[in-house]
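In what follows, a structure is listed as structure tokens, so that the remarks can point back to it.
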Amino acid sequence: MIFERRLLARDRGAGVLEKLWQIPWSFVILLCGVAAIGYVALLSAGGGNPDTYAQKHAIRFGFGLVLMLCLALVDIRIIARFAWLGYLGALVLLVLVLLHGNVGKGAQRWIDIGPVQLQPSELMKIMLVLALASWFHRASWERMGNPLFLIPPAIAVLVPVLLILRQPNLGTALITGMIGAAVFWAAGMRWWKFAAAAGLAALAAPIAYDRLHDYQRARITTFLDPESDPLGAGYNIIQSKIALGSGGLWGKGFLQGTQGHLNFLPEKQTDFIFTMIAEEFGLVGAMTTLALLMLTVAFCFFVAFRCRHQFGRLLAIGLGTNYFLYVFVNVAMVTGSIPVGGVPLPLISHGGSAMLTVMLGFGLLLSAYVHRDAEMGPMRD
Amino acid sequence: MIWRPWAKSGLLGRERTVRKEEERRRGIFTRRAAALGLVQFGAFAFLGSRLYRLQIEEGARYATLAEENRVSARLFAPPRGRILDRNGKVVAGNRLNWRALLVAEQAVDVGATLETFSKIVPLADHEKARIERDIRRSRRFVPVVIREFLTWEEMARIEVNAPDLPGISVDMGTTRIYPETEHLAHVVGYVAAPAESDVGDDPLLQLPGIRVGRAGIERHHDRILRGRAGTVQVEVNAVGRVIRELDRREGIPGQDVQISVDAELQKAIRGKIQEGTTAVLLDARNGEVLAMATKPAFDPNIFNSGVSAAQWRQWTAARSTPLINKATNGLYAPGSTIKMVVGLAALEARVCRPGDIVHCPGHFDFGDTRFHCHNRNGHGGMNLRSAIVASCDVYFYEMARRMGIDRIAAMANRFGLGVDLEIELPGTRRGVMPTRGWRLAQGRPWSIGDTIVHGIGQGFYQLTPLSLAVMTARLATGRAVQPHLTRAIGGRPVRGSRPEDWPSLGIPEADLRLVREAMWAVVNGGGTASASRLPAQYGQMSGKTGTTQVRRVSREQRERGFNVNALPREWRPHAMFVAYAPHDNPLFALSVVVEHGTSGSGAAAPLARDILIEAFQRLRPAPGARVAEATR
């Protein structure tokens, strides 16, 4: 313990300027690029009027950027120390949202905190990664083999997943579970245990399906056959595919997307923003966007490989997977590859909650990168 | 100091172990993270391939779908052509009609929308029933008319409440208006909403509020009047609201049809006649119908907005059959008005010569049956001319007996009796000119007694007043003029307005002159219609009276001293008169049928004279040949 404190004290001495120097500015520029795509797309969604969506988006991003850079300067060990506190806070919020949350689209997801609306489930994903990383970061390979050691983090995953399911928000619950699984996997959980847990989850799926709300089942059935109800639940998927497909190689041009501007495309400023981009800027625009998003995820992996402490590695993998799942679920959804599930495309979609939590996550990621060589204490058996 | 190599080596060993463990953990992490990264990269690759498939491989298909989404072709109805009378007066026109439409597809809840609507503009129960029926019958994106003929105030109220009325829109259409109301109803006809069976061949008929001609000229010239639908390609948004117009193809507007009837003359004639009377006035030279009046009639405007059940019951139950055009669908025996035709048939059949005398003792005996002449005392010796002038029955009994029914029928057919006259009034009956074969087809034998009765226009005849007028025109001109109503379509005259357009009947001029002289004498030479001479300034009218029994007069009645005026009205004979004028240069030909008028000379002939005076006054010196310009 003494050894640990001494190091902490020494590192605290590292100058802010030095830390700023350590921040990977190319990544910050990459994020700005993604947000710029979002700005253009929202400008189009607003019919060319920046006041509708785009301006708010830019302001939110700027705020998120400051938050991210501030977090990047916070010592990773302090973050690690308060990881469980953050987790518990998010858990309290999740319970609060169930008790007092605002009902949006038939589910309790939002909670008002002052002027902003917060979606605790989004925050929970970050906090879960933090908590798991702090649980696993000193665990040796032998310790990972001990089933008793895996039970508390498993509970830490299951509790928020069940709470989110209660909202009900199937998509986010699944994503949260997957993020947890990714961290478990990267931490070195024995692969056969991992496979057994996955199998158990698969067995539980039919039971879960039974307990699903009608609208959730409708999403799954319309996904399997969108033409079955072209004017009902399948309408969104069909119109989204039409918009995407009609974009072609080069797209219809800025503000020229007929599907979006004639309102055939539902929620074009939020969940279907990618469709808007693909319609107006074609395969070229869509692929460029996808490539930038992939680079963002890749950077998380880069950070994971560069970290000398397991905490940072697991944090980076967890956060990278979080962002990856946002992107994948959203794009797969709008291309009609998986059921529609209300997942935004962070940094591009209109909406503050996802943007803020994602930037929060990237702040933690940058902190892990800046403090990649920090001593985090020895491994324990 | 004690050398404790184990200690140091132990420490070193532990450090080494820790470092080794750390390396091992890091190695595992790297492999697992790499696997995870690979999975995620694969997922991105999947998304990329998905995009490629949607945007490049299936791009063309989706582009078409997007275009179909965006572009909506809509039909719009061209204005329906008007119907003008011979002087260019509009007898069927269009007027603006503001109406409320409902597109079921755009209404969230049709029932609720209608409920809200009826709070703004009250809807009667039968209207609601019709709307619900229309909504059921038409496709969900086809607008259904909720209410027509909105006032300004109603329109304003609807517009103000538009947000509460999803799917409802107000649009300007046109509606048919018949300024002459019932006076020209049977000629012009009427329009009504198309029946389900009408829709299909013409997309135009799917439009809300469209009307098709259901009777008369409206029906006959429906295609011409209707025109062809224009199309407009509009860009629509997801809820079907029109954003802008992309392309417009004007339809072909309906053409105006000018008919030969003189509306004012028609009205004047209808002012003179009573219920059950029919008068048909033709231009003798070319068969143009100048007036076709019958009473009672109906107001065609009522059909436009929908006929109520009560109104319909009233019309169909009435004995006077207001919906039926008696000029073309009323069937009568011609009575003595057939006698010229019988005479001409006899001459052609060479069963008599013009001068041959037949003695009339007041009755004609055949076998043990006695056929009476209307003059019980007998006319004495009669030739063809005097038999027509005095309307001697015995002479024609004898002629009929001599030549047989079929030769009479053949001649009658040449004069337009019992044949299809092809007038532009759908549903016109051709009537029946009886023949031996016709009777046999009914499974009854033809007796010579039948032939004899048919010689004076009684028996199985079923002839329309129109065909009697045509007969008269053909007698006057010797040409096979056909009755027709159309003078011009879209301002271009149609064929048939000149006498030369009609072929000769092929009857010797001498024979025709003989019967014409006889007809002249009927009116001007002391004949049966002497009381109905025209005033001198109009020239002279030639005509023939007729009286047709509706019931057989029994011998008992006849012996008791038969007085028709003592009969109930519906048992009294019909009065007929056919005439043309002026005698020396025929312009007009007409037939008058007065149901239960008792006597042709007493009821029909004076009316014919009055009609002709009216015609001369309005159309002198001759019915105008001018074709009215189509002015809009």
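No value in this document is a laboratory result; all are computed from the given coordinates. Every value quoted in this text rests on a predicted model; they were computed, and no experiment measured them. We place every Cβ from the backbone using ideal geometry, glycine too, and count neighbours over all the protein chains shown.
Paramagnetic label reach from A:TRP21 (point 7 Å along Cα→Cβ; backbone nitrogen cut-off under 20 Å): within the range A:356-372, residues A:366-372. For the pair B:ARG248 and B:ARG53, a Förster radius of 45 Å applied to the C-beta separation gives a FRET efficiency near 0.75, rounded to the nearest 0.05. What the phi angles of the range A:133-147 give under the Karplus curve with 6.51, -1.76 and 1.60, with θ = phi - 60°, is a coupling list of 4, 6, 5, 8, 5, 10, 7, 7, 4, 4, 5, 5, x, 8, x Hz, glycine and proline written as x. Rounded to the nearest 10 degrees, the inclination of helix A:25-45 to the longest alpha-carbon principal axis of chain A is 20 degrees. The order of B:THR278, B:THR451, B:THR174, going from fewest to most other C-beta atoms within 10 Å of their C-beta, is B:THR174, B:THR451, B:THR278.
Taking Lys and Arg as +1 and Asp and Glu as -1, the other residues whose beta-carbon sits under 10 Å from that of A:VAL303 total +3.
Between the helical axis of A:352-370 and the longest alpha-carbon principal axis of chain A there is an angle of about 40 degrees. Across peptide B:61-74, the mean count of Cβ atoms from other chains lying within 10 Å of each residue's own Cβ comes to 5.
For the range B:364-369, backbone phi angles converted through the Karplus equation (6.51, -1.76, 1.60; θ = phi - 60°) give residue-by-residue couplings of 10, 9, 9, x, 9, 9 Hz, Gly and Pro being listed as x. Which longest uninterrupted range of chain B lacks any GluC sites (Glu not before Pro) assigned by DSSP to a loop state (not H, G, I, E or B) and surrounded by at most 14 other Cβ atoms within 10 Å? Result for the longest clean stretch: B:423-628.
Placing unit charges on each Cβ (+1 for Lys and Arg, -1 for Asp and Glu) gives the range B:72-259 a dipole about its Cα centre, and among B:ALA185, B:ALA112, B:VAL234 the Cα reaching farthest toward its positive end belongs to B:ALA185. The charge dipole of the protein assembly as shown, taken about its Cα centre with unit charges on the Cβ atoms of Lys, Arg (+1), Asp and Glu (-1) only, comes to about 1800 debye. Placing dummy labels 7 Å off each Cα toward the beta-carbon, the span from B:GLU23 to A:ASP51 is 6.6 nm.
For chain A, the mean residue ellipticity at 222 nm estimated from helices alone is -23500 deg cm²/dmol, where every DSSP H run of n ≥ 4 contributes -39500 (n - 2.57) and the total is divided by all residues, rounded to the nearest 500. Looking at this model, which pairs from B:LYS128/B:LYS267; B:LYS89/B:LYS326; B:LYS295/B:LYS339; B:LYS89/B:LYS272; B:LYS128/B:LYS272 are more than 32 angstrom apart at the alpha-carbon? Violating the 32 Å Cα-Cα cut-off are B:LYS128/B:LYS267; B:LYS128/B:LYS272. Sparsely packed loop sites in the range B:364-404 (the trypsin sites (Lys or Arg not before Pro) outside DSSP H, G, I, E and B with at most 12 other Cβ atoms within 10 Å) comprise B:ARG376.
Where only DSSP H runs of four or more residues are counted, chain B gives -11000 deg cm²/dmol as its mean residue ellipticity at 222 nm, each run worth -39500 (n - 2.57). A cut-off of 5 Å between modelled amide H atoms, ignoring neighbours fewer than 5 places along the same chain, links B:VAL170 with B:LEU101.
Comparing B:HIS126, A:VAL28, B:ALA603 along the charge dipole axis of the protein assembly as shown, the residue lying farthest to the positive side is A:VAL28, per the Cβ-charge model.
Across the options B:VAL90, B:MET155, B:THR175, the greatest Cα extent toward the positive end of the charge dipole of the range B:72-259 (unit charges at beta carbon of Lys, Arg, Asp, Glu) belongs to B:VAL90. Assuming a ≥ b ≥ c are the square roots of the Cα gyration tensor eigenvalues, decide whether the range A:11-370 counts as rounded (a/c under 1.5), prolate (otherwise, with a/b larger than b/c) or oblate. Taking the square roots of the gyration eigenvalues as a ≥ b ≥ c, the range A:11-370 is oblate. A cut-off of 5 Å between modelled amide H atoms, ignoring neighbours fewer than 5 places along the same chain, links B:HIS372 with B:PHE364. Taken about its Cα centre, the range A:11-370 carries a charge dipole of about 980 debye when Lys and Arg each add +1 at the Cβ and Asp and Glu each add -1 at the Cβ.
The angle separating the long axis of helix B:393-403 from the principal Cα axis of greatest extent in chain B is about 70 degrees.
Radius of gyration (Cα atoms) of the protein assembly as shown, expressed as a multiple of 2.2 N^0.38 Å: 1.62.
Overall, the range B:250-405 carries a charge dipole of about 560 debye about its Cα centre when +1 sits on the Cβ of Lys and Arg and -1 on the Cβ of Asp and Glu, all other atoms neutral. Legend: calculated FRET efficiency, B:ASP406 to B:ARG551, from the Cβ-Cβ distance at R0 = 30 Å, rounded to 0.05, equals 0.60.
In this structure the amide hydrogen of B:VAL358, modeled in the peptide plane, comes within under 5 Å of the amide hydrogens of B:MET382, B:ASN383, none closer than 5 places in sequence on its chain.
Ranked by the mean number of other Cβ atoms within 10 Å of their residues, highest first, the peptides A:252-259, A:62-69, B:543-550, B:328-335 fall in the order B:543-550, B:328-335, A:252-259, A:62-69. In terms of its C-alpha gyration tensor, the range B:72-259 comes out prolate, because a/c is 1.5 or above and the ratio a/b outweighs b/c.
Near A:TYR53, once Lys and Arg are set to +1 and Asp and Glu to -1 for all other residues with Cβ below 13 Å from its Cβ, the sum equals +1.
May I ask for the net charge around B:VAL523, where only other residues with Cβ less than 12 Å from the Cβ of B:VAL523 are counted and Lys, Arg are +1 while Asp, Glu are -1? With Lys, Arg at +1 and Asp, Glu at -1, the neighbours total +3.
Computed from phi, the 3J(HN,Hα) profile of the range B:297-311 under the Karplus parametrisation 6.51, -1.76, 1.60 (θ = phi - 60°) reads 10, 9, 8, x, 4, 5, 5, 4, 9, x, 8, 6, 4, 5, 4 Hz, with x in place of Gly and Pro.
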